[in-house]
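Participant: Handing you a structure now.
The values are calculated or read from the model by the stated rules, or taken from the named source; none is laboratory data. Because the structure is predicted, anything quoted here is derived from the model rather than measured. No Cβ is skipped: glycine too gets one built from the backbone with ideal geometry, and neighbour counts run over all protein chains shown.
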Amino acid sequence: MKVAAAFIALTHATEDPDTNGPNCWPANEHAPHCGCQWITRDYQMINHECTLEFDAPANVIQMLTVASSFPIPNATDLDANSYTWTGIEGMSHDNKHDIVYFFRRDQCWEEKLNPDTNETELVPVNMTAAAETWASPSLDCVENADGEPHPGPLLGNFNYDIARSHQQYNLPIYGLDRWDDAERKRRGADIAWIEINSHTYPGDLPKYEVLIQNVTAHHGHGSVTHDDCTTNAFQYDVMDANGNHNGWLEYAQFELCEPDLSAGDYDYTVPSSWTSSVVLK
């Protein structure tokens with residue numbers, strides 16, 4: 001996905017829920033992707049599956065982030081602009097959604113005739129009008145059938161370190177503590193295989209892989225096996241070097257391998273919570 005991790009989301013953030021719909025902003029020459037933020041307390045994600053859908057052209061979303069959520073990739077359809085996630089008690093917002101999304105460039109600009117020059121030029125789409133139609137998604141949250149949390153494993157919403165040009169990502173990993181003591185003793189430890197992919201994919205081909213480097217587990221949260229800039233995947237051993245296991249929520253971090261990230265704010269591939277995956281081995 002070609003989009004800056006920083007973008008301008010924080011400059012447009014609001015602290016109070018807006019039940020009237022999203023707050024949107026237009027593209028400009030320095031930030032060519034338009035977008036919106038929607039904060040609402042009308043929906044519960046904890047022990048629910050929530051689905052956000054846009055009535056817009058296929059695969060129109062450039063980036064989507066739902067704070068404190070745990071995306072469910074196998075229930076998400078990028079072409080249909082349909083995104084599904086869940087929430088976990090103690091880890092996710094209670095009856096609150098903070099959703100930020102950006103659209104692809106071709107949705108953010110339109111051709112118009114300049115009466116002064118009598119020439120056609122690209123101008124930003126009016127996002128005030130768009131917020132009343134295609135830029136406003138529908139959201140529906142349905143309680144899990146058993147009323148219990150999703151069993152996982154799931155990756156949490158990616159947290160971006162936007163202050164540095166190396167683009168570091170903090171990655172919550174939920175639900176690795178699946179085995180009982182006897183099974184863990186037989187296996188030695190819970191081992192997860194994590195793949196990092198981009199939000200953009202080439203048509204019917206597999207999703208774009210995102211090469212990563214400097215992959216580490218947070219202190220006290222297991223260990224990582226990975227060769228820098230050779231693959232988009234890494235192995236996560238839940239037990240640390242001392243045999244400790246911290247439970248259901250673990251953390252890792254990684255950086256991108258694309259060179260010279262600071263040269264062009266919108267010219268590198270950003271990993272996506274909606275296409276990346278975790279499985280237990």
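Participant: Would you confirm whether any residue within region 114-123 is among the hydrophobic types (A, V, I, L, M, F, W, C), surrounded by fewer than 20 Cβ atoms within 10 Å (Cβ to Cβ), touching a Leu at 6+ places or on another chain (Cβ under 9 Å) and in contact (Cβ under 8 Å) with a residue 12 or more places away in the chain?
Facilitator: No, the conditions are met nowhere in region 114-123.
Participant: OK, next. Look through region 55-86, keep the residues that are farther than 18 Å from Asn197 by Cα and more than 12 Å from the chain's Cα centre (by Cα), and return whichever of them is modelled with the highest pLDDT.
Facilitator: Thr86
Participant: Among the residues of region 60-85, how many are part of a strand (DSSP E or B) and either in contact with a helix residue (DSSP H, G or I) (Cβ under 6 Å, 6 or more places away or on another chain) or not aromatic (Phe, Trp, Tyr) (or both)?
Facilitator: Residues flagged as part of a strand (DSSP E or B) and either in contact with a helix residue (DSSP H, G or I) (Cβ under 6 Å, 6 or more places away or on another chain) or not aromatic (Phe, Trp, Tyr) (or both) within region 60-85 amount to 10.
Participant: Restricting to region 31-45, give me the number of residues that are surrounded by 21 or more Cβ atoms within 10 Å (Cβ to Cβ) and either under 29 Å from Pro151 (Cα atoms) or in the same structural domain as Tyr160 (by TED's automatic domain parsing) (or both).
Facilitator: 2
Participant: Then there's this: Val125 - would you say it is aliphatic (A, V, I, L, M), touching a strand residue (DSSP E or B) at 6+ places or on another chain (Cβ under 7 Å) and over 24 Å from Asn170 (Cα atoms)?
Facilitator: yes
Participant: Exactly one condition in (1) surrounded by fewer than 16 Cβ atoms within 10 Å (Cβ to Cβ); (2) modelled with pLDDT of 75 or more; (3) assigned to a loop (DSSP other than H, G, I, E, B) is false for Ser136; which is it?
Facilitator: (1)
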